[in-house]
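The values are calculated or read from the model by the stated rules, or taken from the named source; none is laboratory data. It should be emphasised that the depicted structure is a prediction, and the values quoted were computed from it without experimental measurement. Here the Cβ positions follow ideal geometry from the backbone for every residue, glycine too, while neighbour counts run over all protein chains shown. Just the protein is used for accessible areas: all its heavy atoms, side chains included, with ligands, DNA and RNA removed. Shrake-Rupley method; radii C 1.70, N 1.55, O 1.52, S 1.80 Å.
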Amino acid sequence: MNTNNFTSTNLNDCLIKNFNVLDSGSLLPINLHEIPFNVKRIFSVEGDESSIRGEHAHTECEQFLICSQGKLKVHLDDGNKKKSYLLSKGNGIYLPIGIWGVQEYLIDRSALLVMCSHEYNESEYIRDHELFIKMKKT
């Protein structure tokens, strides 16, 4: 774990990107060179209205979240400030390590495509918000 990066990241490090949706909304092309890290893992999550996902931070893994269908709100917390972003199809956001993220699905069948800099490793997840706040302050 790179504690220096973890404690120093903040909401200013989270980058918003809009991808071009083509063919009247049926095609969402993503070029991997537009992602600010080497992608090691990709997964998608689908949720219905009022579904809440995420609720964690990472100590090693960077993520890029892209709304591939519907609408969702991404709530971010850097330990000092909180900010929310509305994502609709084609909107994405970069999450560096050390950012607490929560995804709130706003309409049925909304989907999120997640690209990760690391393969899955449960030990680098922080799932306790109080522990996250303590770690950010050290």
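Assorted remarks:
- For the stretch 33-48, filtering for residues that are open to solvent by 60 Å² or more (accessible area, probe 1.4 Å), of a type in the set (D, E, K, R) and closer than 15 Å to residue 61 by Cα leaves 1.
- Residue count, the stretch 60-71 (criterion: part of a loop (DSSP other than H, G, I, E, B) and open to solvent by less than 10 Å² (accessible area, probe 1.4 Å)): 1
- Those residues of the stretch 93-117 which are without any contact (Cβ under 8 Å) to a residue 60 or more places away in the chain and of a type in the set (Asp, Glu), in sequence order: 104
- Each residue in the stretch 1-24 was checked for being part of a strand (DSSP E or B) and open to solvent by less than 80 Å² (accessible area, probe 1.4 Å), and 2 of them qualify.
- Qualifying residue in the stretch 25-32 (condition: touching a residue at least 12 places away in the same chain (Cβ under 8 Å), in contact with a Gly (Cβ under 7 Å, 6 or more places away or on another chain) and either open to solvent by 30 Å² or more (accessible area, probe 1.4 Å) or among the β-branched types (Val, Ile, Thr) (or both)): yes
- Count of the stretch 79-138 residues, restricted to those that are in contact with a strand residue (DSSP E or B) (Cβ under 9 Å, 6 or more places away or on another chain), outside any loop (DSSP other than H, G, I, E, B) and of a type in the set (Ser, Thr, Tyr), is 7.
- Filter result for residue 107 (over 23 Å from residue 40 (Cα atoms) and β-branched (Val, Ile, Thr)): yes
Here's the yes/no breakdown for (1) touching a His at 6+ places or on another chain (Cβ under 6 Å); (2) surrounded by fewer than 21 Cβ atoms within 10 Å (Cβ to Cβ):
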position: 87; (1), (2): no, no
position: 91; (1), (2): no, yes
position: 96; (1), (2): no, no
position: 99; (1), (2): no, no
position: 102; (1), (2): yes, yes
position: 119; (1), (2): no, yes
position: 136; (1), (2): no, no
